[in-house]
Structures are given as C-alpha cells and as structure tokens.
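A.B. asks: Let me begin by handing over the structure; questions about it come next.
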Amino acid sequence: MANLITVARFPLLIFVVLVLYSGNPAIQLLAVPLMGLLIALDTVDGVIARRRQEVSAIGSVLDIMADRAVELVLWICYADLRLVPVAIPIIYVIRGTVVDSLRGFRVGAGQAPFSAMRTKVGRWLVKSPFMRTPYGASKLISFTGLALTQALGTYAAQGVVAQDTARLSLFIFGITSWISVAFCLARGMPVVIEALPRPGGSRGSS
C-alpha cells in the first residue's frame, strides 16, 4: 500500500505541471492544493509503511526516487516560468546526482538509504525530525507559494490584481525557495563527507 502511494505521486506530478502551464489563472490556482497533496503524500506513505510494517529498502529507494522527481521537475518548471533563478534547479540536480550515487553503494549492500550514516551528526542532519520536518515545510511553502505566484502573475497580466501583489508574492516565495536550498545542501553534505576516504584507510587496487 505504501509503495502504491509513493508511485501515485508520479502521475499526480505530471498533472500538476499541466495545470501550472495551463495559461488560465483559475486553473493555475488548482495547482496550490494539488501541490500540497503532492508533498503531503511523501509523509503519508512513510506513516502507512511504518504502521503496516511495510518498511523496506525498496520502499526507501522508491521514496527517494519520487522525492527527486518532484523536486527536480518542479524546480525546472519554476525556473522555466521565471519564478526562480536557474541556479536553484542546477544546485538540486548536482546535489541529487552526487548524493544519490553515493547512497547507491549502500543500497547495493542491502541497506536502506537513510540508514547508511555512520556519525551522530550525519544521522541528525539526514534522519532527524528536526531537519526533515522544516525541510519538508520549506518545500511545501515554496512549491505551493510559487504556484500561487504563477496564478497571481497571470491575473496581474490581465489587470485583475495589482502587479505589486504578484511581485511581493514572488519576493516572499523566492526567499523560502533559497531556504529550501540551504536545507537540501545541509542534509546532503554528511553523505558526501562520510563517503570520503578515511585517513589511513585501505585503498582498492588499481
């Protein structure tokens, strides 16, 4: 059940993108609650997996896969719509590629991706609710806020709302977007650091 919920995020993501590009501000506004549902399902699948004892390595991989798809597709779309600078999707693409590739070594050994951290600091940054909850909240606020900004911008172009309203929305959710980037980098850093060779460690033969 949990994995089905995770997989369901993919068609929902495609539908949300179509709504964002509809060109009709009334339809674009639908992206706000749909975006909230898209992000909320990331929590729902985890809760169901734990309650039904369906936690597994493949479930963790699917969860990360869905998260990456949602993050990258939405940031790229928002950059294309000129709501965020292109630097944001570039950062997410590089961070996701590096971190997920490094995690792949652990998954190959049968470990769940989030269970591979060796240090307390690494586990705290990657797994603790203190880091995961505000990071999820920052993405929820940013993605829904930027969807609202897109609709406001279309309304402003039609003269329905003031341009200043659309610009203020863009400014506010631009800030929350960079906050999300900061959390993203902070949670990826320990994965990279712990993958570095340890001093005095053995090297593979070349």
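The values are calculated or read from the model by the stated rules, or taken from the named source; none is laboratory data. These numbers were taken from a predicted model, which means no experiment stands behind them. Note that each Cβ is placed from the backbone with ideal geometry, even for glycine, and that neighbours are counted across all protein chains shown.
A.B. asks: State whether the residues of region 52-60 include one that is surrounded by 14 or more Cβ atoms within 10 Å (Cβ to Cβ), within 24 Å of residue 193 (Cβ to Cβ) and modelled with pLDDT of 85 or more.
C.D. replies: no
A.B. asks: If you don't mind, another one. Looking only at residues that are more than 9 Å from the chain's Cα centre (by Cα) and of a type in the set (A, V, I, L, M) in region 65-83, which one is modelled with the lowest pLDDT?
C.D. replies: The residue in question is 65.
A.B. asks: Do you know which of the residues in region 76-97 that are of a type outside the set (A, V, I, L, M) and in contact (Cβ under 8 Å) with a residue 24 or more places away in the chain is surrounded by the fewest Cβ atoms within 10 Å (Cβ to Cβ)?
C.D. replies: 96
A.B. asks: Further, regarding this structure: Identify, please: which residue in region 145-192 is buried (at least 20 other Cβ atoms within 10 Å of the Cβ) and of a type in the set (Ser, Thr, Tyr) and is, among those, nearest to residue 23 (Cα to Cα)?
C.D. replies: Restricting to residues being buried (at least 20 other Cβ atoms within 10 Å of the Cβ) and of a type in the set (Ser, Thr, Tyr), the top hit is 154.
A.B. asks: Name the residues in region 28-51 that are at pLDDT below 90, crowded, with 16+ Cβ neighbours inside 10 Å, of a type in the set (A, V, I, L, M, F, W, C) and under 14 Å from residue 70 (Cα atoms), would you?
C.D. replies: Scanning region 28-51 gives 39, 41.
A.B. asks: Can you tell which of 25, 11 is crowded, with 18+ Cβ neighbours inside 10 Å and at pLDDT 90 or above?
C.D. replies: 25
A.B. asks: Kindly indicate the residue of region 98-114 that is over 13 Å from residue 189 (Cα atoms) and exposed (fewer than 15 other Cβ atoms within 10 Å of the Cβ) and also modelled with the highest pLDDT among those meeting that condition.
C.D. replies: Step one: list which residues in region 98-114 are over 13 Å from residue 189 (Cα atoms), which gives 101, 104-114.
Adding the requirement that they be exposed (fewer than 15 other Cβ atoms within 10 Å of the Cβ) leaves 101, 104-105, 108-111.
Values: 101: 81, 104: 70, 105: 63, 108: 50, 109: 51, 110: 51, 111: 52.
So the residue we want is 101.
A.B. asks: Would you mind stating whether residue 14 is more than 27 Å from residue 189 (Cβ to Cβ) and not small (Gly, Ala, Ser)? I'd like the intermediate steps shown before the answer.
C.D. replies: Working: more than 27 Å from residue 189 (Cβ to Cβ): yes; not small (Gly, Ala, Ser): yes.
So residue 14 passes the test.
A.B. asks: Mind checking which pairs have a first residue in region 2-21 that is over 27 Å from residue 149 (Cα atoms) and a second that is surrounded by fewer than 17 Cβ atoms within 10 Å (Cβ to Cβ) and among the charged types (D, E, K, R), Cβ under 6 Å, 6 or more apart or different chains?
C.D. replies: Once the first residue is over 27 Å from residue 149 (Cα atoms) and sits in region 2-21, its partners that are surrounded by fewer than 17 Cβ atoms within 10 Å (Cβ to Cβ) and among the charged types (D, E, K, R) give 2/54.
A.B. asks: Only residues that are in contact (Cβ under 8 Å) with a residue 12 or more places away in the chain and either out of contact with any helix residue (DSSP H, G or I) (no Cβ under 7 Å at 6 or more places or on another chain) or under 11 Å from residue 135 (Cα atoms) (or both): list them for region 173-188, please. If you could, list the steps in order and put the result at the bottom.
C.D. replies: The first filter runs over region 173-188 and keeps only residues in contact (Cβ under 8 Å) with a residue 12 or more places away in the chain, leaving 173-174, 176-181, 183-188.
Hits for region 173-188 are 174, 176, 177, 178, 179, 180, 181, 183, 184, 185, 186, 187.
A.B. asks: Here is a further query. Give the number of residues within region 84-97 that are charged (D, E, K, R) and either under 30 Å from residue 154 (Cβ atoms) or modelled with pLDDT under 90 (or both).
C.D. replies: Residues flagged as charged (D, E, K, R) and either under 30 Å from residue 154 (Cβ atoms) or modelled with pLDDT under 90 (or both) within region 84-97 amount to 0.
A.B. asks: So is residue 132 in contact with a Pro (Cβ under 9 Å, 6 or more places away or on another chain), of a type in the set (D, E, K, R) and at pLDDT below 90 or not?
C.D. replies: It is false that residue 132 is in contact with a Pro (Cβ under 9 Å, 6 or more places away or on another chain), of a type in the set (D, E, K, R) and at pLDDT below 90.
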